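What follows is a short report on a single structure.
The values are calculated or read from the model by the stated rules, or taken from the named source; none is laboratory data. Only a predicted model underlies this, so the values are computations on that prediction, with no experimental measurement involved. Heads up, the Cβs are rebuilt from the backbone with ideal geometry, glycines too, and the neighbour counts pull from every protein chain shown. The protein model used for the area step is the full one, side chains on, heavy atoms only, and it has no ligands, DNA or RNA in it. Shrake-Rupley method; radii C 1.70, N 1.55, O 1.52, S 1.80 Å.
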Amino acid sequence: MDILSNLALGFSVALSPWTLMLAILGCFIGTIVGALPGLGPSNGVALLIPITFSMGLDATAALVLLTAVYYGAMYGGRISSILLNIPGDEPAMMTCLDGYPMARNGRAGDALVISGVASFVGALLATIALLLIAPMLARVAYLFGPAEYFALYLLAFSTLGGIASKNQAKAALASAIGLGIAMIGLDNQTGLPRFTGGNLHLFDGVDFLVAIVGLFAVSEVFVFIESHGKNTALGVKLDKVTVPWREIWAVRWTMLRSSALGFVAGVLPGAGASLGSFLTYMMEKSIAGDKGGFGTGVAKGVAAPEAGNNSAAGGALVPMLTLGVPGSGTTAVLLAVLMTLNITPGPTLFADRPEVVWGLIASLLIANFVLLAMNVPLVKVFVKVLTVPPQLLLPGVMMVSFVGIYSLTGSYFDLLLMIGFGAMGWLFRKLDIPTVPVILGILLGNAMEDNLRRAMILSDGDVTFLFSSGISIGLWTAAVLGFVAPLFLRRIIRKPEVPDHALPRD
Amino acid sequence: MDLGHGKGDRIFGVAVLLGAVAYAAAAMQLRTGFMSDPVGSKTFPLLVAGVCAICGAVMVLKPDADPDWPRARTWGALAVAVGVLVGYAYALKPLGFLIPTAIAAGVLSYQIDARPRYALLAGLGLSLGLFALFRFVLGLGLSALPAGLS
């Protein structure tokens, strides 16, 4: 009953005309951002954060807009996968495998509709699971003390790193660089400056929005300058779009299975939507066997990864809202939004700011229906977006980044810092160093250090205190396994070949 | 530009090692507070420096295959892009939005696709279009032109 009354509160927030309009706007922008090759959900949300704040939106409105963009981008990612064979973002990569062959077989419209419906099923089930599970998990999180939180942060870094990169050392390095950057500024406990070099601009630390926009959006422009916007993919023409009801019905179990597995992948701290789409595709492929025809353009091959990655996107909100630990790159960006809005994610969020959490969950439910309505009948509108040339789009992205950050901080120093992060993002991409752990490090670094220091103060410097409870031992074990397991799993599980020109994103 | 197998990782690994040493040295110089704190303000940064150093060493000893590094000309283009953006950051306040945006967007457009006329139109179009969006739709307080002209 609690859930129903909370949902009623949420809908009272979400159904206000203003919030509803923001959700619809977010869905629309998100789908466009997701559809554009190269601009994934992380970039889209990162780009819109400063603009959102400059508009002076309150916490709920800002969060609704940005999460609608997040969901929208997860939906939109499939469009360029299917029509251009270029995933809009990494989670949409698996959709290329069957979506593009389907489009080449003259069934682009069917592929788009089936994937749109699968996205809807995945996201809707995940949102329902989020509203059922999150409050329970929030209650468990009350048992967390500083030692448990420290171990939890470690778990987030180890799992995110383990999955985000092929090289564990590089993933760990990215996390450590982020943590190192987080130490810049005034020490929370003593108030003394650290690593500022006497520069007053750095006394407040490095703003994570500056880092996010630089690492995601600005570095993207450098990537395009390097490639001269070249795109070798063959575009497929989209003719009439009809709803293939029979085929949608035939893949119902695929969608349900994939939604469940994708949600679990999303809930695991750090795993995110990429893992969700990969696991669900592999699961359906192994269920279907050789006769399934996976890779040749079958409906299941489109439905599974789309249900999986959209469900994982919803799942990733669970650890973010209940524990303050993001489940994916984009939720790391959303966590930054919450923290900038002076909202501390974690168990107390559900008690302290119910209107924010439940307003958000209700908005997500509404956003799903809006997205279904947009993505099935209006898919042709979004397909038009793919014709925007990169030489117009990317400079536009850069200018929006600049104005957004400048209007937010009013500091040219932050703009320079953003360019620096952009260059760093480009270099990291070249060297296959993941950028999401850097963001996570900047975001969680101070909290991680604070919890370590608090744990040590409580135990009078006894390090064993960090492993003194069942929860902390479990988290430490999971962290070690999360870091080590990919070393072995990578040898066993081989990702299917993706197109050479596919643009992997964090 | 061919840097040889794993040379990129090795060079970066060495840079990380040096950076970690510098970071640790800076951490050692930190002043401690007057409150009793078994960890203090140095320990966590030292741990971070240690992790960085280990990862840097791994990159030096076990580098990945080199990525496709850009040619000298592309390095130049990237340097120009960074220069234009730095200039843009400094110009935005004194010169207003329209002129610096038209120039910066035009240059970036030209760098992505070297068609001068298209770049000119892209610069002008983005400058005017984004100004209208920011000023009139989103309500941001941007000045259009330099203080003396507006």
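Note on residue B:99 and residue A:485: the model spin-label points, each 7 Å out from Cα along the C-beta direction, lie 5.9 nm apart.
The HN-Hα couplings worked out from phi for the range A:370-378 by the Karplus form 6.51 cos²θ - 1.76 cosθ + 1.60 (θ = phi - 60°) are 4, 5, 4, 4, 6, 7, 9, x, 9 Hz, whole numbers, x standing for Gly and Pro. Less than 5 angstrom separates the built amide H of residue A:186 from those of A:194, A:205, all sequence-distant by 5 or more or on a different chain. Taking only protein heavy atoms and a 1.4 Å probe, the accessible area of chain A is 66% carbon and sulfur.
Want the number for residue A:458 to residue A:369: 0.36 nm per residue separation, take away the alpha-carbon distance, what's left? Walk me through the intermediate numbers first.
Details: separation 89, 0.36 × 89 = 32.04 nm, distance 4.88 nm.
Between residue A:458 and residue A:369, full extension yields an extra 27.2 nm.
Can you give me the angle between helix A:168-182 and the longest principal axis of chain A, using Cα atoms only, in degrees from 0 to 90, rounded to the nearest 10? Computed tilt is about 50 degrees. Once C-alpha pairs closer than 8 Å and six or more residues apart are averaged by separation and normalised to the residue number of chain B, the relative contact order reads 22 percent.
In Å², and per residue, what accessible area does the protein assembly as shown have when probed at 1.4 Å with the other protein chains present?
Working: 25540 Å² over 656 residues.
Result: 39 Å² per residue.
Using the Cβ-Cβ distance between residue B:114 and residue B:145 with R0 set to 25 Å, the FRET efficiency from 1/(1 + (r/R0)^6) comes to roughly 0.30. With a ≥ b ≥ c taken as the square roots of the eigenvalues of the C-alpha gyration tensor of the range A:432-492, please select rounded if a/c is under 1.5 and otherwise prolate if a/b is larger than b/c or oblate if it is not? It comes out oblate by the Cα gyration axes.
Label separation (residue A:9 vs residue A:104): 5.3 nm, computed from points 7 Å beyond Cα along the C-beta direction.
Determine the total buried accessible area between chain B and chain A, counting protein heavy atoms only with a 1.4 Å probe; round to the nearest 100 Å². Mind dumping the intermediate values first?
Numbers: alone 10890 and 19880 Å², together 25540 Å².
Separately minus together, B and A give about 5200 Å² buried.
In the range A:428-470, whose amide N lies under 17 Å from the spot 7 Å out along Cα-to-Cβ of residue A:192? List them in ranges. What the label zone holds, given the 17 Å backbone N cut-off, is A:450, A:453. Per residue of peptide A:176-182, the mean number of Cβ atoms on other chains within 10 Å of the residue Cβ is 6.
Overall, the protein assembly as shown carries a charge dipole of about 1320 debye about its Cα centre when +1 sits on the Cβ of Lys and Arg and -1 on the Cβ of Asp and Glu, all other atoms neutral. Roughly how many whole Å is it from the C-alpha centroid of the range A:267-314 to that of the range A:14-68? Result: 26 Å between the Cα centres.
Partner shielding of A:121-127 amounts to 0, given as the average count of beta-carbon atoms from other chains within 10 Å of each residue beta-carbon. In percent, rounded to a whole number, the relative contact order of the range A:1-136 is 23, using alpha-carbon pairs under 8 Å and six or more apart.
What shape does the range B:34-150 take by its C-alpha gyration tensor, where a ≥ b ≥ c are the square roots of the eigenvalues and a/c under 1.5 counts as rounded, a/b above b/c as prolate, and the rest as oblate?
On the way: a/c = 3.65, a/b = 1.56, b/c = 2.34.
Oblate is the answer for the range B:34-150, as a/c is 1.5 or above yet b/c matches or exceeds a/b.
Radius of gyration over Kirkwood radius for the range A:1-114, both on Cα atoms: the Rg/Rh ratio is 1.10. Take the Cα of residue B:21, step 7 Å toward its Cβ, do the same at residue B:133, and the gap between the two points is 4.7 nm. Axis angle, to the nearest 10 degrees, between helix A:146-164 and the longest C-alpha principal axis of chain A: 40 degrees. Taking the centroid of alpha carbons for each part, the range B:71-106 and the range A:449-490 are 46 Å apart.
Find the all-direction average of the projected area of the Cα convex hull for the range A:289-409, expressing the result in square nanometres with one decimal place. Walk me through the intermediate numbers first.
Values: hull surface 45.0 nm².
Dividing the Cα hull surface by four gives the mean projection, 11.2 nm².
Report, in degrees rounded to the nearest 10, the 0 to 90 angle that the Cα long axis of helix A:59-84 makes with the longest principal axis of chain A. Rounded to the nearest ten degrees, it is 40. Think of the range A:47-202 as a dipole: +1 on every Lys or Arg Cβ, -1 on every Asp or Glu Cβ, centred on the Cα centre; then among A:96, A:121, A:75, A:96 lies furthest on the positive end.
Computed from Cα atoms alone, the Kirkwood hydrodynamic radius reported for the protein assembly as shown is 25.1 Å. The range A:70-122 and the range A:379-406 have their alpha-carbon centroids 20 Å apart.
Extension gain, residue A:355 to residue A:240, is 37.1 nm, computed as 0.36 nm per intervening residue step minus the present C-alpha separation.
Our summary gives chain A a relative contact order of 30 percent, counting only alpha carbon pairs under 8 angstrom and 6 or more residues apart. Taking the chain by itself as reference, the range B:85-123 contains these residues with an accessible-area loss of 30 Å² or more in the full protein complex (1.4 Å probe, heavy atoms): B:85, B:88, B:89, B:90, B:92, B:93, B:108, B:111, B:112, B:118.
Can you give the FRET efficiency to the nearest 0.05 for residue A:140 and residue A:249, using r as the Cβ-Cβ distance and R₀ = 51 Å?
Numbers: r = 38 Å, r/R0 = 0.75.
That gives a FRET efficiency of 0.85.
By its C-alpha gyration tensor, with a ≥ b ≥ c as the square roots of the eigenvalues, how is the range A:343-455 shaped: rounded for a/c under 1.5, else prolate for a/b larger than b/c, else oblate? In terms of gyration-tensor shape, oblate.
Given the pairs A:166/A:300; A:285/A:384; A:170/B:42; A:285/A:430; A:166/A:285, which are separated by over 30 angstrom at their Cα positions? Display every interim value, and only then the final one.
Values: A:166/A:300 28 Å; A:285/A:384 32 Å; A:170/B:42 24 Å; A:285/A:430 32 Å; A:166/A:285 23 Å.
Listed pairs above 30 Å: A:285/A:384; A:285/A:430.
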